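Here is the structure we will look at, set down as structure tokens.
The values are calculated or read from the model by the stated rules, or taken from the named source; none is laboratory data. In this text, all values refer to a predicted model and were calculated from it rather than measured experimentally. Methodologically, a virtual Cβ is constructed for each residue, glycine included, from the backbone with ideal geometry; neighbour enumeration extends over all protein chains shown. Protein only, heavy atoms only, side chains kept; ligands, DNA and RNA dropped before computing areas. Shrake-Rupley method; radii C 1.70, N 1.55, O 1.52, S 1.80 Å.
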Amino acid sequence: MGTVTTPIEDYALLSDRRTAALVATTGEVDWYCPPRFDADAVFAALLGNADNGRWSLRIAGGEVISREYVEDSFVLRTRWHTPGGEAIVTDCLARGEHHSMIRRVECVQGSVDVVQDVRFRFDTGTSRPWLQRVPEGASTLLLATSGGTSLTLRGPALTAGHERHYGTFAMTAGDRLAWVLTCHPSYESSPDPLDADSEITLVTQQWQDWAQNYLQECALTPVRRSLLVLRALTHELTGGVVAAATTSLPETPGGTRNWDYRYAWLRDSALTIEVMADHGDGGLAWRTWLLRAIAGDPHRLHIMYTIDGSRVAAEREVDLPGYGGARPVRVGNDAAEQYQGDVVGEVMMALAHVRELGVKETRHSWSLQRQLLDFQRRHCDDRGHGIWEMRGEPQFFTHSRVLTWAAFAQGVRAVEEHGLAGPVEAWRELRDRLRQEIDNHGYDAEIGSFVQAYGSQEVDASLLVLPLVGYLPADDPRMLGTVARIEADLATEDGFLRRYRTTAGLDGLPGEEYPFVICSFWLVQQYAASGRVVEARTLFDRLLTWCNDLGLLAEEYDPVGRRMMSNYPQAFSHLGLIRAAQSLHKAGSLRLY
């Protein structure tokens, strides 16, 4: 059997804010990791094939004529048409004590046949469970167990086959069938059945209530959906924000740049909280998560944690064929051990933003920030791996040095403007020393541009962040020169940006990559802030075409093949969309509110 080649953009995201699933347009659940985002998958066909776990539900002989989320929710409605009738399939993850996926079929015209094929595989597609069938009135309970986890599937009975369960169900107009899959500890009894119709109504209302409270003034659909994606990737109980719902979707077809993004990066989380706080959903929960994550050991700060604030497990490879044959498939992420000099700056800026929006500091929260700055002071002269988590030799990356400057600048502001206590003279001295260093070594007068790393003449799209963190104005001549160099070296023929030139060899990895979505959105912000507003709007509108029909974005995009690449949906990409829209709104080119 081959490997999955369903285009990434064909998948819809389902979320209960504790875990996520991906459903293909044609009805296959190819990725599902209950009970939490970073758990081992029970459907992992996304990284292999159907034999690695899949739940297929389709209408025989039918074609999909539309799919959409019920307004402001992650309840998916897919309409199928056949020569003999039409049906609507509704998919969602229920939000409650247990983790349940609901798949409901309604025949709305004529007659249709529903075809099911369920293949349970535990341990990310590598283990076959023990299966039991238990009659329950008119339905059948199918129990799949492996180790400490069980899955209970309730609904019209399926036929047992060779390591799969299947069935065909005839329906006529007005008929409604539903299947509910629930994850629970194997040492507990199967939870009581859910009423599918009531749960779908409840889930829809929960999402819409949040949108009504926090998004009512946001008029632009792509921004509303992006804010909903950020919420979908934020764990309901812990406040941890995962970077994406997937692992090992490749940056290039068949390549080896395949990473696990189901963790909470401090950088990504900080930027997410800034955006969410702008819309009234404050950062208190995330600040509490941060306190827990680094509690007791702030001098061994990691750049990412699990959703509950634990250390990320060492990277390991899973014996799966890979998406489209791209291997290795990785679980865990060794980048957690890297030093990345920008992280503290992003966290300090996010916490300052939350503070300025009215979330009051506590003794513990300000103590945390002082400890972060002490960590940064200890590592101020260390080379690092940078925002892109280079796996080559550590460098003084200019972006990282600027964010280190920003960290101390925020410490000084907290004392001077908010009356908080701290060693302000020491912070001020470090801030000023870093600015002089960056001006001397991060800018190359010969090429008229800031550079990716000290001693290099390569550029990096992350340099577009310099005005965004207040290091210099967007129209500063040095910044304009940097933009020109980035356009010349990193832009595709269509004007979209790669992160950096992989041929320079700094990342220590083989292969190429496609334009990185957030980098092009950074360029929109730069254009808008430096007076190139028409170009900013034009680029923004073109970038919106990278969203799929449900408004979702991956990490990278191939503009020639018109396909998404890398992990999906990606918080960083949706952050970029929101910030770019805000910059256009400020420039008078886009109505956002």
Query raised in the report: Which is assigned to a helix (DSSP H, G or I), modelled with pLDDT of 95 or more and aliphatic (A, V, I, L, M), of Leu434, Leu368?
Result: Leu434
Report summary line: By residue number, the members of the range 107-145 that are β-branched (Val, Ile, Thr) and open to solvent by 10 Å² or more (accessible area, probe 1.4 Å) are Val108, Val115, Thr126, Val134, Thr140, Thr145
Query - Residues being more than 15 Å from Glu458 (Cα to Cα) and open to solvent by 30 Å² or more (accessible area, probe 1.4 Å) - total across the range 390-408 - result: 3
Report task. Go through the range 270-300 and give me each residue that's open to solvent by 20 Å² or more (accessible area, probe 1.4 Å) and in a loop (DSSP other than H, G, I, E, B). Result -> His279, Gly280, Asp281, Gly282, Ala295, Gly296, Asp297
Query raised in the report: What are the residues in the range 220-249 that are among the β-branched types (Val, Ile, Thr) and either part of a strand (DSSP E or B) or closer than 21 Å to Trp286 by Cα (or both), if any?
Result: Val229, Thr234, Thr238, Val241, Val242, Thr247
Requested in this report: Answer with yes or no whether Ser150 is in contact with a Cys (Cβ under 8 Å, 6 or more places away or on another chain), of a type in the set (Gly, Ala, Ser) and closer than 28 Å to Pro321 by Cβ.
Outcome: yes
Query raised in the report: Is there any pair linking a residue in the range 379-390 that is in a loop (DSSP other than H, G, I, E, B) to one that is open to solvent by less than 40 Å² (accessible area, probe 1.4 Å) and of a type in the set (Lys, Arg), with Cβ under 6 Å and at least six apart or on different chains, and which?
Result: Trp388/Arg499
Query raised in the report: With respect to Val402, is the statement that it is closer than 26 Å to Ile518 by Cβ and assigned to a helix (DSSP H, G or I) true?
Result: yes
Query raised in the report: Among the residues of the range 150-159, is any open to solvent by 40 Å² or more (accessible area, probe 1.4 Å) and modelled with pLDDT under 95?
Result: yes
Query - From the options Glu9, Glu28, Glu71, residue that is out of contact with any strand residue (DSSP E or B) (no Cβ under 7 Å at 6 or more places or on another chain) and either surrounded by 20 or more Cβ atoms within 10 Å (Cβ to Cβ) or not hydrophobic (A, V, I, L, M, F, W, C) (or both) - result: Glu71
Requested in this report: Confirm whether Thr252 is open to solvent by 10 Å² or more (accessible area, probe 1.4 Å), among the hydroxyl-bearing types (Ser, Thr, Tyr) and in a loop (DSSP other than H, G, I, E, B).
Outcome: yes
Report summary line: Filter the range 35-62 for residues that are of a type in the set (D, E, K, R) and under 20 Å from Asp308 (Cβ atoms); the one that is least open to solvent (accessible area, probe 1.4 Å) is Asp38
Query raised in the report: Are any residues in the range 435-455 open to solvent by less than 30 Å² (accessible area, probe 1.4 Å) and not β-branched (Val, Ile, Thr), and if so, which ones?
Result: Gly442, Gly448, Ser449, Phe450, Gln452, Ala453
Query - Criterion: at pLDDT below 95, within 23 Å of the chain's Cα centre (by Cα), under 27 Å from Ser269 (Cβ atoms) and open to solvent by less than 60 Å² (accessible area, probe 1.4 Å) - qualifying residue of Leu230, Leu237, Leu220 - result: Leu220
Query - Cβ-Cβ under 7 Å pairs, at least 6 apart or on other chains, the range 192-208 side under 18 Å from Ser15 (Cβ atoms) and open to solvent by less than 70 Å² (accessible area, probe 1.4 Å), far side part of a loop (DSSP other than H, G, I, E, B) and at pLDDT below 95 - result: Val203/Arg95; Gln206/Arg95
Report summary line: For Val89, the lone unmet condition from (1) open to solvent by 20 Å² or more (accessible area, probe 1.4 Å); (2) in contact with a Leu (Cβ under 8 Å, 6 or more places away or on another chain) is (1)
Query raised in the report: Counting only residues that are of a type in the set (D, E, K, R) and open to solvent by 50 Å² or more (accessible area, probe 1.4 Å), which one in the range 357-389 is farthest from His299 (Cα to Cα)?
Result: Lys360
Query - Given (1) crowded, with 16+ Cβ neighbours inside 10 Å; (2) farther than 25 Å from Arg257 by Cα, index of the condition Ser462 fails - result: (2)
Report summary line: Within the range 446-479, of all residues that are assigned to a helix (DSSP H, G or I) and under 31 Å from the mean Cα position of the chain (by Cα), the one farthest from Gln410 (Cα to Cα) is Ala461
Query raised in the report: Is it the case that the range 323-336 has a residue that's under 28 Å from Thr19 (Cβ atoms), assigned to a helix (DSSP H, G or I), of a type in the set (Asp, Glu) and touching a residue at least 12 places away in the same chain (Cβ under 8 Å)?
Result: yes
Report summary line: Of the residues in the range 116-132, those that are part of a helix (DSSP H, G or I) and closer than 21 Å to Leu158 by Cβ come to Phe122, Gly125
**Report entry** Residue in the range 579-589 that is polar (S, T, N, Q), in contact with a Leu (Cβ under 9 Å, 6 or more places away or on another chain) and open to solvent by less than 10 Å² (accessible area, probe 1.4 Å) present
**Finding:** no
Requested in this report: Determine if the range 560-570 includes at least one residue that is touching a Lys or Arg at 6+ places or on another chain (Cβ under 9 Å) and surrounded by 18 or more Cβ atoms within 10 Å (Cβ to Cβ).
Outcome: yes
Requested in this report: Could you tell me whether Phe516 is open to solvent by less than 10 Å² (accessible area, probe 1.4 Å) and in contact with an Asp or Glu (Cβ under 6 Å, 6 or more places away or on another chain)?
Outcome: yes
